[in-house]
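Before any comments, here is the structure.
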Amino acid sequence: MPRKSPKYAVSQTYMRSVLANERRVQYLECEIEKQQSRLALNGVEGGESVSRTMAGDAFERGFVKLYELCDEMDTELIGYVEEREKARRVLSHIAGSKGYDVLYLRYFEGMKFKDIYRRIYVSEDYMYELHRTALIELYPYVPAEYRQRNNGSRCPEKPSET
């Protein structure tokens, strides 16, 4: 297997961060749905008042937890939406290519590679080549903070001579 270039590694790290954001939001959505289901199963829907009993206290704690999850998700979504839009602009620089399709399906849709090559009707080997080429092509458009991290980590700083 050929050695991966630094440009490939930087671009892949960036695109993996896009995928990680997507997964964090999906996790929060699932947690909110679970909490809503638990409250609904116990006969409490949003907006109902709950009596001051032990069960009422449990429901109240359930609503507090639900609101905390919603707040956490709102905060996460604000950052995620901004990052996703930035990443879409980065990816738009290679729009129109099959490499774009591979990167979009992998990092924005979260598809597995085995499903991607079937979806875009290419061989598995060609799909991996498209992935590699597209990531290298994307490198100049990756946000500077990702490129700088890589540049700083390749070589140790020269010690000062004092």
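Scanning the range 1-35 for residues that are open to solvent by 90 Å² or more (accessible area, probe 1.4 Å) and in a helix (DSSP H, G or I), we see that the one that is farthest from Thr75 (Cα to Cα) is Lys7. Taking the criterion of being open to solvent by 80 Å² or more (accessible area, probe 1.4 Å) and of a type in the set (A, V, I, L, M, F, W, C), the only residue of the range 66-122 that qualifies is Ile78. Across the range 86-105, the number of residues qualifying as over 13 Å from Tyr141 (Cα atoms), polar (S, T, N, Q) and at pLDDT 90 or above comes to 0. Scanning the range 97-110 for residues that are of a type outside the set (Val, Ile, Thr) and part of a helix (DSSP H, G or I) returns Lys98, Gly99, Tyr100, Asp101, Leu103, Tyr104, Leu105, Arg106, Tyr107, Phe108. For Tyr146, state whether it is of a type in the set (Phe, Trp, Tyr), at pLDDT 90 or above and part of a helix (DSSP H, G or I). Taking the combined requirement at face value, the residue does not satisfy it. Figure legend. Inter-residue proximity from the range 69-88: first residues farther than 19 Å from Lys34 by Cα, second residues of a type in the set (A, V, I, L, M, F, W, C) and open to solvent by less than 80 Å² (accessible area, probe 1.4 Å), beta-carbon distance below 8 Å, spacing 6+ or different chains. Indicated pairs: Tyr80/Val25; Glu83/Val18; Arg84/Val18; Arg84/Phe108; Ala87/Met15; Ala87/Val18; Ala87/Phe108; Arg88/Phe108.
Inspect all residues belonging to the range 119-126 and state whether any of them is more than 28 Å from Val25 (Cα to Cα), among the hydrophobic types (A, V, I, L, M, F, W, C) and at pLDDT 90 or above. Within the range 119-126, one or more residues are more than 28 Å from Val25 (Cα to Cα), among the hydrophobic types (A, V, I, L, M, F, W, C) and at pLDDT 90 or above.
Being at pLDDT 85 or above and either farther than 30 Å from Glu129 by Cα or of a type in the set (A, V, I, L, M, F, W, C) (or both): is that true of Met15 here? Taking the combined requirement at face value, the residue satisfies it. In this structure, is Ile94 free of Cβ contacts under 8 Å to residues at least 60 places away in the same chain, closer than 30 Å to Arg119 by Cα and either assigned to a helix (DSSP H, G or I) or among the hydrophobic types (A, V, I, L, M, F, W, C) (or both)? Criteria met by Ile94.
The values are calculated or read from the model by the stated rules, or taken from the named source; none is laboratory data. Keep in mind it's a predicted model, so treat the numbers as computed, not measured. Note that each Cβ is placed from the backbone with ideal geometry, even for glycine, and that neighbours are counted across all protein chains shown. Note: areas computed on protein heavy atoms with side chains; ligands, DNA, RNA excluded. Shrake-Rupley method; radii C 1.70, N 1.55, O 1.52, S 1.80 Å.
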